[in-house]
Amino acid sequence: MATQKSKVVVTRDLGPDVLGKLREDPSVDLFVWPPDCGCDRNWLLEEAEGAVGLVVTLTDKVDEELLTRAGANLKVVSTMSVGYEHVDLAGLAKRGVRLGYTPDVLNGAVADLSIMLALMAGRNGGNALAHVRNGEWPNISWSPFGWCGPQLSGTVGGPKKTVGFLGFGRIAQVTLNRLVGFEITRCIYTTRIGSPPKKDLEDSLTEKHRRVNPGFEGVRQVDLKTLARESDVLFILAPGGAETRHIVNEELLREMKRTSVLVNTSRGSLVDSDALAKALREGWIWGAGLDVVEGEPDVTADHPLVKQPSCVIVPHIGSATFATRTDMANTAVANVLAVLSNKPMVSEKRVWQD
């Protein structure tokens, strides 16, 4: 007697190698959105009926409507992302549906992009590139301090360099690993309000990085106002949600140095776009590098941040390397297959409390 197959719906073509793991599993009845574009909502609602597993991306809303259409067979939703703001966690918990996600595998890629944006924003990269592309280079005369900006790396006998992190999780620590090679002087960070300093972590990181950079003074936790006031480059790497919405606001931006750079590669909701545009326009800070913007992807040429020459914006490409996206896709599929075979998921986000 043939075993009943488990219906699995995938909202993107993840490539033959990754999808092959589902196609080759005799217990899986696979349904994949075929075009290489955003999954049609009506298709997803229709195909979700009776599904045991859903593999989705950030642009696929997993809400009450979709969960209701999927029905009682649904056991797991696996998202090819670190964030899960697009998923109704309460709705999953109510139904006993498990949630898989893909943290850690993109730490290095996001750290690389964070540093790229810091360099681009500090060294006028976006504005300079625009001048070249617009054919204006022949009209620009060289001057001793033309196109100059603040230097990310430390210099012998020069001013000390402080990097700050709003949020000090895995990606922030990987970013710091890379920054130590730039001979920065110290690292400060702020985590959740009221959380105690991570003294053991601070000491271990300080010892580790001094072996690479003897001039490194150390890692320490500070309050939010001190973070803004002392950071030469401030990296925003905190989770989204109501608690952190617009945590970077006009009040915080006014505390920053005129030569400082703000980098956001976490969630657009953390930064008040209007306040940041005003800060750049009026010169409160030097520049900004953004991989995420609140309201994305509806960020058009007339957006207040796009209009600022000192703001470098890329369209949420933090994880966009071949290796990282492949790892994310593999993890998303592995999470579903684990649930179908009653094994622990590779990466599970708990959606209910015991």
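The values are calculated or read from the model by the stated rules, or taken from the named source; none is laboratory data. This is a predicted model, so every value here is computed, not measured. As a convention, Cβ positions derive from the backbone with ideal geometry for all residues, glycine included, and neighbour counts pool all protein chains shown.
Structure values in brief
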read-out: Set V263, V219: member being touching a Lys or Arg at 6+ places or on another chain (Cβ under 9 Å), outside any loop (DSSP other than H, G, I, E, B) and surrounded by 22 or more Cβ atoms within 10 Å (Cβ to Cβ); value: V219
read-out: Members of the stretch 222-251 found to be assigned to a helix (DSSP H, G or I) and of a type in the set (S, T, N, Q), listed by number; value: T226
read-out: R178 in contact (Cβ under 8 Å) with a residue 60 or more places away in the chain, among the charged types (D, E, K, R) and surrounded by fewer than 18 Cβ atoms within 10 Å (Cβ to Cβ); value: yes
read-out: Lone qualifier among V82, V62, V77 - being within 29 Å of V261 (Cβ to Cβ), in the same structural domain as M345 (by TED's automatic domain parsing) and crowded, with 23+ Cβ neighbours inside 10 Å; value: V82
read-out: Tabulated pairs, the stretch 62-82, first closer than 21 Å to G318 by Cβ, second surrounded by fewer than 22 Cβ atoms within 10 Å (Cβ to Cβ) and among the aromatic types (F, W, Y), C-beta under 7 angstrom, 6+ apart or interchain; value: none
read-out: Long-range neighbours under 6 Å by Cβ, at least six apart or interchain, first residue in the same structural domain as I236 (by TED's automatic domain parsing) within the stretch 247-271, second of a type in the set (K, R) and part of a helix (DSSP H, G or I); value: E255/K225; E255/R229
read-out: Any hit, the stretch 277-287, residues being touching a Ser or Thr at 6+ places or on another chain (Cβ under 6 Å) and touching a residue at least 40 places away in the same chain (Cβ under 8 Å); value: yes
read-out: Residue match in the stretch 129-146 (condition: among the hydroxyl-bearing types (S, T, Y), in the same structural domain as V248 (by TED's automatic domain parsing) and in contact with a Ser or Thr (Cβ under 7 Å, 6 or more places away or on another chain)); value: no
read-out: Of the criteria (1) surrounded by fewer than 19 Cβ atoms within 10 Å (Cβ to Cβ); (2) part of a helix (DSSP H, G or I), which one V336 fails; value: (1)
read-out: Top-ranked residue of the stretch 122-160 - restricted to ones that are out of contact with any strand residue (DSSP E or B) (no Cβ under 8 Å at 6 or more places or on another chain) and among the charged types (D, E, K, R), ranked as surrounded by the most Cβ atoms within 10 Å (Cβ to Cβ); value: R123
read-out: Selected residue (criterion: nearest to L22 (Cα to Cα)) from residues of the stretch 55-98 that are outside any helix (DSSP H, G or I) and polar (S, T, N, Q); value: S78
read-out: Residues (in contact (Cβ under 8 Å) with a residue 12 or more places away in the chain and out of contact with any helix residue (DSSP H, G or I) (no Cβ under 6 Å at 6 or more places or on another chain)) located in the stretch 204-219; value: L205, T206, G215, E217
